[in-house]
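Structure first, then comments.
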Amino acid sequence: QRRRGPRRGADLQLTLRLSFMEAARGVQEKTLEWHEVARDGRRGDRKSVDVRVPAGVDSGMQIRLSGKGGQGDPGAPSGDLFVQIEVEPDSYFERDGPDIHVALEVPFADAALGATVDVLTLDGIVQLKVPPGCQPLSKLRLRGKGLPSVDRRGRGNQIVTVHVTVPEVLSPRQKELLEEFRNEEPAEESPAQRALKRLRGFFS
């Protein structure tokens, strides 16, 4: 019977949980700890390893650490350690591949007249121009402000969805101005306004 040589150590898989910002920016050193398990199933010594996490990782990705797995027989190499990435959701940023989405509340007057507003990005606060006549749920793009690619080939974009806010309480002067605005004839009718006029004529 052929004699079997020393056996290589077993591969291990551990989960590394990261915050959204850790995943976005990367981590130079993140320590993972676990207890080694002997071949007979007994709990062994406590082990730890420092993991370098590249910027832009996402849930489901794996980092392979060669030779950091289970210990092999004398004279045989150790197995590999596979680190499974799990990224916690963020209350502000929402990921979509390399792009991130955020919601921005814009007052009615700013949406109508246009404005420059502050927006939080991964790099800090930047200014965003809201064009005049900006409609609810419009999507404005901040190029290059998304997540970095793991292989360092550029960055995604940050998509800002506009939510127009209407004041619940108006001063007398504000009411007066809005009444004047409502009574003004629009410069150009929208398709919806033209369709409404046709319906009114049909039922009159």
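None of the figures in this text is laboratory data; all of them are computed from the coordinates on show. On a predicted model such as this, the values are computed, not experimentally measured, just so you know. Every residue, glycine as well, gets a Cβ built from its backbone with ideal geometry; the counts of neighbours run over all protein chains shown.
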Over the chain, what is the percentage of antiparallel beta bridges among all DSSP beta bridges, to the nearest 5? 65 percent
Taking the 0 to 90 degree range and rounding to the nearest ten, how far is the long axis of helix 172-183 tilted relative to the main principal axis of the chain, both from C-alpha atoms? 80 degrees
Just round it to a whole percent: the fraction of Cα-Cα distances in the chain exceeding 21 Å. 70 percent
Throw me the Rg/Rh for the range 71-161, computed over C-alpha atoms with Kirkwood Rh, two decimals. 1.29
Positive-end residue, the range 39-90 charge dipole about Cα centroid, Cβ charges, pick of Gly69, Val57, Pro89: Gly69
With the chain treated as a Gaussian network of Cα nodes joined by springs under 10 Å, which of Ile100, Ile125, Ile63 yields the largest mean-square fluctuation? Ile125
When the range 56-95 is reduced to its Cα atoms, the Kirkwood hydrodynamic radius in Å: 12.3 Å
Degrees between helix 191-203 axis and first principal axis of the chain (Cα, 0 to 90, nearest 10): 50 degrees
Straight-line reach from Lys68: which lysines have a Cα under 17 Å away, not including same-chain ones fewer than 8 places off? Lys30, Lys47
Could you please state, rounded to a whole Å, how far the C-alpha centre of the range 148-164 is from the C-alpha centre of the range 80-104? 12 Å
Two-decimal log10 I(q)/I(0) for the range 21-62, as the Debye equation yields it once each C-alpha is a single scatterer, q = 0.13, 0.30 Å⁻¹: -0.42, -0.97
Which one, Val130, Val164, Val37, has the greatest fluctuation when you compute a Gaussian network model over the chain with C-alpha springs under 10 angstrom? Val37
Projected-area mean, the range 6-106, by convex hull of Cα positions, square nanometres: 7.7 nm²
Take every Cα pair under 8 Å in the chain that's 6+ residues apart, average their separations, divide by the length, and report that relative contact order as a whole percent. 18 percent
